[in-house]
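A.B. asks: Encoded as structure tokens, here's the structure I'll be asking about.
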Amino acid sequence: MSGKNNYFLTTPIYYVNDKPHIGHAYTTILADVLARFHRTAGDKVFFLTGLDEHGLKVQQAADKKRITPQQHCDEMAPRFINLWEKLHIQYNDFIRTTEKRHERVVQNILKKVHEKGDIYFDEYAGLYCIGCERFYTEKELIDGKCPQHNRPLESIKEKNYFFKMSKYQQKLINYINDNSDFIQPKHRRNEILGFLRQPLDDLCISRPKSRLNWGIELPFDKDYVTYVWFDALINYVTAPGYSSDNTSFKKWWPAIHLIGKDILLTHAVYWPTMLFSANIPQPKMIFAHGWWLSGESKMSKSLGNVINPLDLIDKYGVDPLRYYLMREMVLGQDASFTLESFIKRYNSDLANDFGNLFSRVSTLIAKNFENKIPELGELREEEIVVQNNAESVIKHVNKLIEKMRINEAIEEILQFVRNINKYMEQQAPWKLVKTDKSAAAGVLYTAAEALRISALLLHPVMPNRTEIILDILDTNGTELKWGILKSGTILKKHLPLFPRIKVEEPVTDRIKKTTRENVITFNKFQKVELKTALVLEAEKVEGADRLLKLQLEVGEEKRQIVAGVAEYYNPEELINKMIVIVANLESAIIRGIESNGMLLAAKKGKELSLIVIDSENIESGTRIF
Ligand code: MSP
């Protein structure tokens with residue numbers, strides 16, 4: 001970070017239909033932390049995030065609510081915007097693909113690429129995943145299912161427009177070979193080079209309006225729209241002002257794209273070939289980070305195992321969550337999220353190390369120096385060591401951030417904090433004050449200045465609580481330079497900033513053994529997957545008076561179950577009801593029909609009532625505990 005550069009950083013634009021989860025929060029916090037580090041270093045930063053609002057899923061969701069897709073997008077967008085506000089994300093631009101500025105740029109690029117002869121019309125038959133909004137080839141599938149969503153694909157045959165991606169295959173290979181930092185980390189670069197050893201297919205970029213009209217109309221055929229990837233990727237050049245204002249565009253472009261590994265192919269193959277065709281320079285870097293996992297699976301909505309970051313924020317605060325996510329993931333690798341490791345990290349780094357330094361320094365200054373920052377006095381060897389240490393940490397942290405090694409940068413800062421705690425123990429200013437007050441003053445000034453430096457270094461990661469520390473020290477000095485703190489400044493009063501989180505004893509220890517019969521352990525109960533399911537279709541089973549065949553939506557997945565409720569409900573009554581099912585029940589064949597799951601109902605005598613969800617906000621596929 002030289003402090004003089006223009007730094008353009010992007011996150012993926014998230015699907016507006018998704019409920020924001022920790023995966024989205026992670027990439028956005030990561031971008032925010034990098035953006036803040038660069039701003040502090042004096043770089044001019046343009047941090048872009050936003051929403052991907054076109055596509056079949058949006059259209060279907062709007063149809064279900066009987067509103068227009070635009071109304072649906074407008075209703076959903078604030079969920080992301082509010083979360084970013086809550087997480088203190090300081091983006092510079094928030095783009096939505098339904099904005100006019102974007103439509104214009106997409107059409108402009110389509111026209112350019114079409115006129116160049118890189119778009120053609122053809123019939124296509126392929127397997128499509130609505131979850132990923134892209135076609136898959138047979139060889140990419142796992143057990144015949146989408147590798148991301150683990151569900152069957154739709155087979156589609158229709159006439160469409162295609163982008164000649166294959167034309168740019170060799171150019172892309174050469175570009176990747178010549179620019180070793182283009183795709184990062186290295187193993188992702190190798191993955192893409194491996195993928196490019198096979199012949200590259202062309203890219204289907206359109207949908208007939210008869211099937212999907214929630215996209216951007218093709219400038220050369222009014223009966224077709226472009227959708228998701230060809231549309232979404234272009235957001236990265238729309239926002240900095242491509243074509244409308246080339247000065248602004250040239251100021252910012254090329255960007256650094258931060259993405260999750262799930263969308264590497266689209267960013268490292270589709271996007272560069274599109275840019276080649278449109279004669280736009282390549283991004284500076286595409287950096288794919290790993291996934292937050294819960295157990296073995298990716299944390300995301302589709303798999304129904306989401307930890308909502310909002311829940312953690314309300315309980316523990318924004319900064320500790322930001323800290324944990326940044327400290328715990330090695331960029332490029334997967335990481336496991338557990339509440340246990342979150343609490344452990346908080347207690348050791350924030351409560352014990354950083355929080356402890358802060359409360360020690362302020363308590364000792366209050367007790368021995370009338371709450372005023374003391375004079376440094378004559379420099380002793382011990383203080384010079386601390387000062388040198390601080391200066392080398394500042395340099396090293398800058399280098400690590402430049403290389404996107406955030407977790408190492410944080411560890412470097414925390415090691416410095418630990419060194420200062422050690423220095424305090426060795427110097428024992430609480431004792432020293434009795435024999436050599438001016439030496440004790442020097443120690444406390446040094447520790448307070450080290451605290452200020454640590455707070456400044458950690459500011460991009462924890463902007464709120466470090467701001468409080470800087471305010472308590474009454475320092476406007478945001479300069480990362482030793483010796484800014486003013487002697488004589490009165491410290492403001494404060495409560496502990498990182499109170500220890502008490503780890504609750506395991507539930508089983510606290511509850512006395514029950515004497516009831518048929519008791520099962522909590523672990524056993526957890527094995528039963530109860531989920532909400534939306535009834536899409538219901539019909540009687542021929543020749544079976546008591547049975548109904550139901551088609552259900554369970555999150556991203558469609559399921560069929562057979563239920564013995566025909567005596568109590570007409571099929572039509574069930575449509576659109578949000579019911580509860582046991583989702584991990586072994587499948588069974590009932591009267592020759594496959595049933596995948598069982599619905600829950602209360603039955604007494606001749607009465608039967610389905611268990612239904614009475615809140616509109618609970619979506620299908622939500623886990624019930
Ligand atoms: N709309 C597309 C992106 C278009 S960009 C031109 C999309 N959206 S998404 O809502 O599915 O967001 C995907 C991104 O969310 C991932 O690339 C990653 O940044 C983040 N994550 C989603 N789940 C994640 C984890 N479990 N862990 C970490 N990040 C993950 O794809």
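Laboratory data are not the source of any read-out in this text; all were calculated from the coordinates shown. What you are looking at is a predicted structure, and each value in this text was computed from that prediction instead of being measured. Here the Cβ is made from the backbone with ideal geometry for all residues, glycine too, and neighbour counts use every protein chain on show.
A.B. asks: Specify the angular offset, from 0 to 90 degrees and rounded to the nearest 10, of the alpha carbon long axis of helix 22-40 from the longest principal axis of the alpha carbons in the chain.
C.D. replies: It is inclined by approximately 40 degrees.
A.B. asks: Now a separate question. To one decimal place, what Kirkwood hydrodynamic radius in Å is obtained for region 318-396 from all pairs of distinct Cα atoms? Intermediate values should be presented prior to the final figure.
C.D. replies: Values: mean 1/r = 0.0636 Å⁻¹.
Evaluated over region 318-396, this radius sits at 15.7 Å.
A.B. asks: By how many nm would the segment from residue 607 to residue 348 grow when fully extended, if each residue of separation counts as 0.36 nm and the alpha-carbon distance is taken off?
C.D. replies: Working: separation 259, 0.36 × 259 = 93.24 nm, distance 5.62 nm.
Length gained, residue 607 through residue 348: 87.6 nm.
A.B. asks: With a ≥ b ≥ c taken as the square roots of the eigenvalues of the C-alpha gyration tensor of the chain, please select rounded if a/c is under 1.5 and otherwise prolate if a/b is larger than b/c or oblate if it is not? Working shown, then result.
C.D. replies: Working: a/c = 2.62, a/b = 1.39, b/c = 1.88.
Oblate is the answer for the chain, as a/c is 1.5 or above yet b/c matches or exceeds a/b.
A.B. asks: Rounded to whole Å and sorted largest first, list the principal axis extents of the Cα atoms in region 1-72.
C.D. replies: Per principal axis, max minus min of the Cα coordinates gives 52, 21, 15 Å.
A.B. asks: Mind pulling up the Rg/Rh value for region 1-147? Radius of gyration and Kirkwood radius, both on Cα. Display every interim value, and only then the final one.
C.D. replies: On the way: Rg = 18.6 Å, Rh = 18.0 Å.
Rg divided by Rh gives 1.03.
A.B. asks: Based on the alpha-carbon gyration tensor of region 357-508 and its eigenvalue square roots a ≥ b ≥ c, which shape applies: rounded if a/c is under 1.5, prolate if not and a/b is larger than b/c, or oblate?
C.D. replies: oblate
A.B. asks: Using a 7 Å offset from the Cα along the Cα-to-Cβ direction at both residue 370 and residue 540, what is the distance between the two label points in nm, to one decimal?
C.D. replies: 9.4 nm
A.B. asks: May I ask for the equivalent-ellipsoid semi-axes of region 132-202, computed as the square root of five times each C-alpha gyration tensor eigenvalue and listed largest first in whole Å? Could you put the intermediate results ahead of the total?
C.D. replies: Working: eigenvalues 139, 62, 18 Å².
They are 26, 18, 9 Å, listed largest first.
A.B. asks: With the Cα gyration tensor of region 117-266 in hand, convert its eigenvalues to equivalent ellipsoid semi-axes via √(5λ) and list them largest first in whole Å.
C.D. replies: 26, 23, 15
A.B. asks: For helix 56-65, report the angle its Cα long axis makes with the longest principal axis of the Cα atoms of the chain; keep it between 0 and 90° and round to the nearest 10°.
C.D. replies: Taking Cα atoms only, the helix is inclined about 80 degrees.
A.B. asks: Cross-link list 65/112; 57/549; 531/604: which exceed 31 angstrom alpha carbon to alpha carbon?
C.D. replies: Values: 65/112 37 Å; 57/549 25 Å; 531/604 23 Å.
Long pairs (Cα-Cα over 31 Å): 65/112.
A.B. asks: With a cut-off of 8 Å between alpha carbons and a minimum separation of six or more residues, what is the relative contact order of the chain in percent? Spell out each step's value before the answer.
C.D. replies: Values: 1009 pairs, mean separation 68.1, N = 625.
Once divided by the residue count of the chain, the mean separation gives 11 percent.
A.B. asks: Ordered by packing density, taken as the mean number of other Cβ atoms within 10 Å over each peptide's residues, highest first, how do 95-105, 584-594 rank?
C.D. replies: Details: 95-105: 18.5, 584-594: 12.1.
By packing density, highest mean first, the sequence is 95-105, 584-594.
A.B. asks: Two decimals, Cα atoms only, Kirkwood Rh: what is Rg/Rh over region 555-625? Provide the component values of the computation, followed by the final result.
C.D. replies: On the way: Rg = 12.7 Å, Rh = 13.4 Å.
Result for region 555-625 is an Rg/Rh of 0.95.
A.B. asks: Compute the long axis of helix 186-195 from its Cα atoms, compare it with the longest principal axis of the Cα atoms of the chain, and write down the angle in degrees, 0 to 90, nearest 10.
C.D. replies: So the inclination is approximately 20 degrees.
A.B. asks: May I pose another question? Taking residue 492 as the anchor, which lysines have their alpha carbon closer than 17 Å to its alpha carbon, excluding any fewer than eight residues away along the same chain?
C.D. replies: Here the lysines satisfying the reach criterion relative to residue 492 are 367, 372.
A.B. asks: Per the Kirkwood definition applied to all pairs of different Cα atoms, how many angstroms is the hydrodynamic radius of region 279-415?
C.D. replies: Details: mean 1/r = 0.0544 Å⁻¹.
Value: 18.4 Å, from the Cα pair sum.
A.B. asks: Test of understanding: extend the Cα→C-beta vector of residue 4 to 7 Å, then name every residue of region 34-48 with backbone N under 14 Å from that spot.
C.D. replies: Residues passing the 14 Å test: 42-44.
A.B. asks: Separate question: Specify the inter-centroid distance of region 156-226 and region 70-94, based on alpha-carbon positions, in whole Å.
C.D. replies: 28 Å
A.B. asks: In region 51-128, how does Rg compare with the Kirkwood Rh, expressed as the Rg/Rh ratio over alpha carbon atoms?
C.D. replies: Numbers: Rg = 16.7 Å, Rh = 15.4 Å.
Ratio value, two decimals: 1.08.
A.B. asks: For the peptides 435-441, 523-529, 493-499, what is the packing order when you average, over each peptide's residues, the other Cβ atoms within 10 Å and list the highest mean first? List each step's numbers first, then the result.
C.D. replies: Values: 435-441: 16.3, 523-529: 10.4, 493-499: 13.7.
Ranked from most to least packed, the peptides come out as 435-441, 493-499, 523-529.
A.B. asks: Could you work out the pair-distance distribution P(r) of region 372-462 from its alpha-carbon pairs, with 5 angstrom bin width and percents rounded to whole numbers?
C.D. replies: Calculated over all Cα pairs of region 372-462, the distribution is 3, 14, 24, 23, 15, 10, 7, 3, 1, 0 percent.
A.B. asks: Could you name the lysines whose alpha carbon sits less than 18 Å from that of residue 157, not counting residues in the same chain fewer than 8 places away?
C.D. replies: Result set, ordered by chain and number: 209.
A.B. asks: Take each of the peptides 225-232, 199-206, 333-340, average the number of other beta-carbon atoms within 10 Å over its residues, and list them starting from the highest.
C.D. replies: Values: 225-232: 25.1, 199-206: 19.1, 333-340: 14.1.
The packing order, highest mean first, is 225-232, 199-206, 333-340.
A.B. asks: While we're here: In the structure shown, do any of 100/577; 86/558; 116/250 have a Cα-Cα gap over 29 Å, and if so which?
C.D. replies: Numbers: 100/577 37 Å; 86/558 34 Å; 116/250 23 Å.
Table pairs above 29 Å Cα-Cα are 100/577; 86/558.
A.B. asks: Based on the alpha carbon coordinates of region 211-281, what radius of gyration and maximum Cα-Cα distance (Dmax) apply, in Å?
C.D. replies: 13.5, 40
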